[in-house]
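Chemist: Okay, here's the structure, questions in a sec.
Read-outs: derived from the displayed coordinates by stated rules, not from any lab. Nothing here was measured: the structure is a model prediction, and the numbers come from that model. Using ideal geometry, Cβ is built from the backbone for each residue, glycine included, and neighbour counts are taken over all protein chains shown.
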Amino acid sequence: MGAHHPPSGIGPMMAGPTIAEHGTQEQIDRLLPDMVTGRHIWCQLFSEPGAGSDLASLQTRAVRDGDEWTVNGQKVWTSGAQYSRWGILLARTDPDAPKHQGITFFVVDIDQPGVEVRPLKEMTGGATFNEVFFTDARVSQADVIGEIDKGWAVAVTCLSFERTSLGAGAMGGMSGGGAMLGIGMGSAERSPVPDLDARVGELASAASGGGLGAMASGGAAMVKLLPMMFGKARDPIARQETARLYTLLEISRYTGMRAKAATERGGRPGPEASTGKLMASQLARSMRDLLLRLEGPAGALMGPDAPLNGMAQWLALFSPAISIAGGSDEIQHNVIGERVLGLPSEPKIDKDVPFRELKVGTQSAGGDR
């Protein structure tokens, strides 16, 4: 039919809002239409082997060459890069400046000879994440977002949108656009409750394409049905854990509504978005624990014949990633402590030192992502 997949993921949730806030009108008009129609998929090229939580320690270099830039370096843990046409890229453009001051924010065309994408196979069997290598890749000066050497401010905006998208909608898109919620029941697991299978199937179907907000908006209703699905509606422990998860999902939904309202008023997510990101980590663990308790030994199975298509086992294997992706739980605690509660920040001995003088692996461990 020629139709594109509904827009979801890093493009509309992180790249688009950041470009809208820091980009020129020409960049907005050129880049956003294909993003919002779903024609082009985007990825985020931030983390490196030696720069994750301490993101400003990144070493990918971009060197000006007339109206273009030449990019060399490596990124890692890049979600969806193997499907992406465009990426938002942080690269160092002034190694003589302190590490936060010599970074520029670029938009890069992934479909070029100088970019190599290598998927990383996970213990789930999937390959959500990738390594991305830049070898004399080219970026146009027209694709610099914000000012040269002042890309950290743009990155902070992008990270705030990232935390909101991962946190306010809770777990809805942990597997890329809500794929983790494609949990129609296998044929061997039919519920004795009349019409329950159909009701759960409808909820799962609606959630699976709903992006990051799906589980928080529709998942709470689904969670209430889980004990009945497995014949444990009268199990007091299962009921208590279900009630706890339901409560967390509802809190997350309202948190997401507040964040959305603030954005619609013309604001942008602040450091309080880190609370939602922390909640997403807890929700992943809570859902994992509940499903494993309800399913028992069957929770070790994966595939279409397993209960809920193997969602329990998938969560058991993948849930640790939620505590790391988009900024680890430890970094979120730092952000909340320093920027929300006003507590003293951790010492940063490399704050004013030119990046060129810093040895790899000796940068501040305080972290800023």
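Chemist: Could you give me the ³J(HN,Hα) list for segment 297-306, computed from phi with Karplus coefficients 6.51, -1.76, 1.60 and θ = phi - 60°, whole Hz, x at Gly and Pro?
Modeler: Working through the residues one at a time gives x, 5, x, 7, 8, 10, x, x, 8, 7 Hz.
Chemist: Only counting other Cβ atoms within 10 Å, I'd like 254, 83 sorted with the fewest neighbours first. Present the calculation step by step, with values, prior to reporting the outcome.
Modeler: Working: 254 12, 83 15.
Result, fewest neighbours first: 254, 83.
Chemist: If you don't mind, there's one more thing I want to ask. Taking a 25 Å limit on the Cα-Cα distance, which of the listed pairs 121/232; 150/359; 121/150; 75/359; 75/121 fall beyond it?
Modeler: Details: 121/232 36 Å; 150/359 22 Å; 121/150 35 Å; 75/359 19 Å; 75/121 16 Å.
The answer is 121/232; 121/150.
Chemist: Gap in Å between the Cα centre of segment 337-354 and the Cα centre of segment 139-168?
Modeler: 21
Chemist: How long is the gain from residue 224 to residue 329 if the chain were fully straight, where each residue apart is worth 0.36 nm and the alpha carbon distance is subtracted? Walk me through the numbers before you get to the answer.
Modeler: Details: separation 105, 0.36 × 105 = 37.80 nm, distance 2.74 nm.
Extending this stretch completely gives an extra 35.1 nm.
Chemist: Considering amide H positions built from the backbone, and no H for Pro or chain starts, which residues 5 or more places from residue 43, or on another chain, come under 5 Å of its amide H?
Modeler: 86, 87, 88
Chemist: Could you work out how far apart the two model spin labels at residue 234 and residue 111 are, taking each label as a point 7 Å from the Cα in the direction of the beta carbon, and quote it in nm?
Modeler: It works out to 6.0 nm between the two label points.
Chemist: Additional query: Would you list, by chain and number, the lysines whose Cα falls below 19 Å from the Cα of residue 260, excluding same-chain residues fewer than 8 positions away?
Modeler: 277
Chemist: Order these by the 10 Å Cβ neighbour count, fewest first: 14, 228.
Modeler: On the way: 14 26, 228 16.
Ascending number of Cβ neighbours within 10 Å: 228, 14.
Chemist: Further question: Please rank 252, 323, fewest neighbouring Cβ atoms within 10 Å first, as an exposure proxy. Please list the in-between numbers first.
Modeler: Numbers: 252 27, 323 19.
So the ranking, lowest neighbour count to highest, is 323, 252.
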